[in-house]
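Worksheet for the structure shown next.
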Amino acid sequence: MDSSDSRQSIIEVLENATSQDPACMARADDNLRIWETRPQFHAILFSIFADRTLSMPARLMAIITFKNGIDKYWKKTALHAIGLAEKELIRPQLLSMLDEDAPQIAVQYCVAIARIARWEFPLVWPTFAEELASRVHAIAHDLNSSADANRRRCYTMEHNALYILHLFVKMLCERKLARERQALRSTAPALFSVVAPIYARRVAQFNEALHVGDSEGSQELLKSIRFCLKTLRRLYVHGFGDFEAADALVHEFYMATVGHQAAFYELFCGLPAESREADGCRILVKIILLYGKIHLEFQKFKAVRFITTPAVVPLLRWYWQQIQGEAPQLTAVPLERSGDLESPPLVLERLVIQGLELYRGVVKNMFYLADDNGQMDEDVQRCRLVIDSEIMTAPFVAQMSETLMCHYIPLKACDIEMWQDDPETWIANEDLDHWEFDVRRSAERLFKDLVNQQRDRIVPELVQALQQPNVTPSFKLDGLYTALGLCASELYDHIDFCHWLRQHPPTDSPMSVSKWRIAWLIGKWVPVKFPTDERPHAYVALLEYARPGEPLVLRMEAIASLLACIDDWDFDATQFKPYLQLSIERITEMLGSVNQAELRMRMVNYLSAIVSRMQREIAPFAESIVRLIPLLWQSAAGENLYQTAVLSLVTKLVVALGIHSAALQPFVAPLVQHSIDLDDPAHVYLIVDGIDLWLALIRNASTIDPNLMALLRHIPRLLQSSTETLKSVLKVVEGYALLCGVDMMRNYGPALIGALHELVADTDMHVRAIAAGYTTLNVIVQCVQAELVGPALVESNMMWTPFTRIVDKKEAAMVLIHHAGFLSRIAVHYPQLFIEFLTAQDAQLTTMFAEHWVEIYDDVGQVAQRRLHALGLAVAIATTNDGVLKMLPLMVPIWNDVLSNTGDSQLYFSDRDDDEDDEFNEIVVPESERRRKLLSNDPAHKYDMKKAFSQSMAECERLNGVERFHAIIAQVSAEDLEDLKSQLS
């Protein structure tokens with residue numbers, strides 16, 4: 001590109017790209033896409049960005065376009081890659097704009113440099129890390145000695161340089177190859193030695209600025225501290241393979257972080273609440289949490305070194321002080337007064353969560369535990385010594401257990417407030433695994449692991465507390481109940497839950513908190529230990545809690561626990577039958593009480609589970625469920641996942657009703673139609689469940705509805721466009737063939753055969769897909785007479801394709817087996833059509849086909865397919881075609897093999913379809929009987945092989961005359977011929 005003219009043109013286009021006129025923006029984007037592959041374009045972009053006389057929007061667009069171009073064209077193997085000369089022009093200028101003070105532009109500039117380093121370091125630009133570290137060091141030195149007038153510019157340069165360094169180190173840490181990991185470890189010490197002193201100096205300067213009241217300087221220093229910590233965090237955790245050999249500066253840094261975090265947190269706690277939302281305070285919070293991230297990542301990646309570091313014990317004690325200090329705030333408002341008083345907020349909830357997670361990493365960590373044989377290596381022994389003697393001592397374990405149980409794991413007043421104000425959101429959030437942002441969830445994780453690892457210490461005290469008749473206050477009672485549910489797998493040998501439940505009936509409260517907790521407990525204990533004879537008591541209690549008039553959260557939890565009972569391994573459908581009608585009514589009532597699509601979908605899934613487990617017992621209530629479907633489908637409009645849940649419910653209902661589901665066909669066919677309509681964008685989400693519903697309808701049908709028959713018109717497009725659902729679509733076609741094959745072929749035969757031909761003829765298709773396609777064709781051939789299928793086979797070249805593939809014999813043996821198997825099937829079921837087809841072919845092609853067809857027999861493994869192959873060859877000799885008859889000497893050994901190995905009995909017959917899904921084999925459906933009948937009538941099983949071969953030989957003799965026939969037989973070896981006569985006699 002001509003630099004002067006092109007530069008001005010690019011500037012104009014960049015300014016147009018920031019225009020508010022959509023047409024102007026579109027034209028500018030088109031021009032940029034055209035120019036981005038031209039030489040010198042990116043060098044000009046960088047020069048435009050570096051020109052501070054230009055407008056800010058143009059410079060911002062220039063650096064953004066430059067950054068995006070780095071992603072696409074900087075790599076030397078990229079299409080239209082940036083040339084070496086242009087890179088050499090850009091590279092020296094990259095670190096020249098560190099004083100960029102426009103925040104948006106500066107961020108894009110830093111990211112662009114880091115992305116160049118991703119491709120260049122260490123092979124192309126091995127000195128990048130050294131150059132960047134040198135600039136950081138020089139800027140820091142200038143800042144320390146700069147005058148006040150120049151200090152702001154120096155801060156800007158330091159922030160940008162440190163941000164680039166942070167992005168660079170982050171990129172190095174993301175690399176996983178050994179050579180790249182080595183590059184990080186070889187670079188880390190030098191980088192650490194530059195950044196750590198800057199960090200220490202800025203912390204000291206921050207303390208001085210606080211002392212003199214320099215608020216502006218304090219904020220700039222906080223930014224520098226934050227960027228230093230972001231870099232040091234990754235260097236410390238990932239940059240040193242051997243901590244013992246690391247420089248003293250590394251260890252001093254981590255030791256200092258403990259005190260610095262405590263000091264910064266103390267500073268934050270001392271700020272008035274109204275000033276904690278200021279920009280400076282937000283940076284302060286990020287710094288405090290960054291320290292926590294350093295500790296958590298150190299523990300995660302260097303667990304042994306973490307626990308043996310001298311600073312860790314005081315660190316954990318400091319965190320526990322904060323956890324204990326915040327505990328009273330969590331339960332300051334009793335549950336029964338949650339609507340009257342406002343709960344005091346935690347000072348910094350994320351800090352408490354970090355502390356809980358740190359302790360969880362100590363309580364249960366594979367690096368601190370003995371192996372399966374109870375053996376401990378030296379590192380584990382060192383860790384256990386520190387943990388048992390200095391951290392998890394017996395008094396501390398008791399204190400931690402009590403604190404968590406009494407303050408952290410119970411429901412809070414804010415939960416009860418949300419029950420009243422927005423119960424649906426609370427219910428939806430309760431099932432989310434968001435422990436990183438919720439102190440109660442994080443505490444629950446820690447408490448479960450604590451009880452698991454300290455079972456001997458905690459369980460006896462917990463059991464004793466649970467036996468006390470009156471526990472106050474309310475949050476302590478809820479904490480005990482929560483512990484009982486969370487630790488069910490640890491307590492089931494120590495407490496009879498059903499007896500305990502009878503002794504501790506729920507108490508009345510404004511929001512039925514006690515009832516909710518009892519319902520929750522039942523759901524937790526059912527999968528662990530809940531005797532079958534006690535289940536009816538649970539059903540009665542849960543259905544009572546789910547009645548209208550109770551709080552929404554209680555009703556939802558009761559139904560969820562009811563589902564846990566139904567999904568349990570020991571569920572007894574007969575025992576549950578008396579409660580089935582009421583259960584359906586309760587779920588139906590809940591559907592009318594909730595508005596969120598997610599909760600309605602959950603109710604539909606609960607109903608699906610009941611239908612699935614009750615099976616035939618659901619029949620008397622099917623009508624009431626069916627009445628719900630139109631309303632559910634209408635309410636699910638636009639909610640694709642909700643619609644899939646409705647489809648799944650209908651599918652399970654069809655399967656449960658079995659042959660009686662025929663009445664649902666007119667009602668369900670439109671749902672299937674909507675789900676498989678490829679012109680509707682929603683089909684992406686619905687097609688799998690829609691086809692499953694379709695398949696269930698066909699498998700359970702004894703008659704076919706016209707609406708259901710009309711769905712066949714979608715099969716050709718589904719076969720062409722589907723891969724994930726291909727097997728199910730083919731099963732649908734087989735189901736139609738078994739149920740109403742004649743009507744199917746009469747109305748949709750040519751289109752179906754044509755689509756199946758395209759499938760099996762596609763050389764790029766996987767062999768399993770081709771095999772599945774031929775399986776469907778075989779079913780059609782077995783079910784429908786030649787008069788209806790034959791013309792479609794001829795018209796679509798369905799016989800010509802496998803014939804030519806066998807002649808060419810270029811495909812893999814696994815594929816050729818299926819081609820040969822299909823032609824053998826045609827020969828056995830449509831002998832006249834097959835003979836006419838062979839007769840119409842060129843003699844040379846027929847000879848090659850017959851020769852290869854015989855050879856393929858050795859690759860066939862299944863007994864039934866070998867018998868079918870032999871029968872097909874027997875049919876083929878009923879001709880005067882020399883190309884086929886000259887292969888008779890090779891056919892006779894095949895017949896001898898089949899007769900000697902399988903004989904004429906049905907010893908190898910199985911009435912089960914190996915391809916049939918296990919889901920449908922558990923229950924006998926009408927299609928199962930149709931498939932068994934089809935298999936029992938399969939010539940490969942049914943035919944008397946001796947009789948079939950004898951008849952074929954006789955027909956060959958009749959067609960060719962005695963003299964010619966004997967001439968053909970004479971070509972067979974005497975041994976093979978004698979063996980055949982012996983087995984046929």
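Restricting the trypsin sites (Lys or Arg not before Pro) of the stretch 1-81 to loop positions (DSSP other than H, G, I, E, B) with no more than 16 neighbouring Cβ atoms within 10 Å leaves Arg52, Lys75, Lys76. Fewest neighbouring Cβ atoms within 10 Å first, the residues Phe437, Phe240, Phe227 line up as Phe437, Phe240, Phe227. The calculated FRET efficiency for Glu795 paired with Thr703, based on their beta-carbon distance and R0 = 30 Å, is about 0.50. Once the chain from Lys170 to Arg384 is taken as fully extended at 0.36 nm per residue, the excess over their C-alpha distance is 73.8 nm. With a simple spin-label model that places each label point 7 Å from the Cα along the Cα-to-Cβ direction, the separation between Lys75 and Leu271 comes to 4.2 nm. In terms of packing, defined here as the mean over residues of other Cβ atoms within 10 angstrom, the peptides 384-397, 192-205, 930-943 line up highest first as 192-205, 930-943, 384-397. Among 405-418, 888-901, the peptide with the highest mean count of other Cβ atoms within 10 Å heads the list, and the full ranking is 405-418, 888-901. Treating r as the C-beta distance of Glu216 and Trp119 and R0 as 41 Å, the FRET efficiency rounds to 0.60.
Along its principal axes, the stretch 934-985 has C-alpha extents of 40, 25, 16 angstrom, given from the largest down. For the cross-link pairs Lys577/Lys933; Lys300/Lys515; Lys300/Lys448, the ones whose C-alpha atoms lie over 31 Å apart are Lys577/Lys933; Lys300/Lys515. Per the Kirkwood formula applied to alpha carbons, the chain shows a radius of gyration over Rh ratio, Rg over Rh, of 1.08. Pairs from the table (Lys364/Lys529; Lys176/Lys286; Lys286/Lys476; Lys87/Lys170) lying more than 31 angstrom apart at Cα are Lys286/Lys476. For Lys886, the lysines whose Cα falls under 25 Å of its own Cα, not counting residues fewer than eight places away in the same chain, are Lys809, Lys810, Lys946, Lys947, Lys981. Spin-label pair Ala85-Glu589: with each label point 7 Å from Cα along the Cα-Cβ axis, the two points sit 8.3 nm from one another.
Between Gln93 and Gln862, residue separation times 0.36 nm minus the direct Cα-Cα distance comes to 269.7 nm.
Ellipticity at 222 nm from helices only: DSSP H runs of n ≥ 4 in the chain, each -39500 (n - 2.57), divided by the residue count, give -23000 deg cm²/dmol.
How do Met171, Met157, Met366, Met814 line up, fewest other C-beta atoms within 10 Å first?
Ascending number of Cβ neighbours within 10 Å: Met366, Met814, Met171, Met157.
Quick check: residue separation of Asp372 and Ser9 times 0.36 nm, minus the Cα distance between them. What number comes out in nm?
Contour length minus the Cα-Cα distance gives 123.5 nm.
Can you list which of the trypsin sites (Lys or Arg not before Pro) found in the stretch 424-495 are DSSP loop residues with at most 14 other C-beta atoms within 10 Å? Here no trypsin sites (Lys or Arg not before Pro) fit, given the DSSP loop and packing criteria.
Taking a straight line from the alpha carbon of Lys72, these aspartates and glutamates sit under 17 Å away, with near neighbours fewer than eight places off in the same chain left out: Asp29, Asp30, Glu36, Glu86, Glu120. The calculated FRET efficiency for the pair Asn747 and Asp842, based on their C-beta separation and a Förster distance of 41 Å, comes to about 0.70. Modelled spin-label separation between Val962 and Arg932, with each label point placed 7 Å from Cα along the Cα-to-Cβ direction: 5.0 nm.
Any read-out appearing in this document is the output of simple, stated calculations on the displayed coordinates, not a laboratory observation. For clarity, every value in this text was computed on a predicted model and none was experimentally measured. FYI the Cβ positions are ideal-geometry reconstructions off the backbone, even for glycines, and counts take in every protein chain you see.
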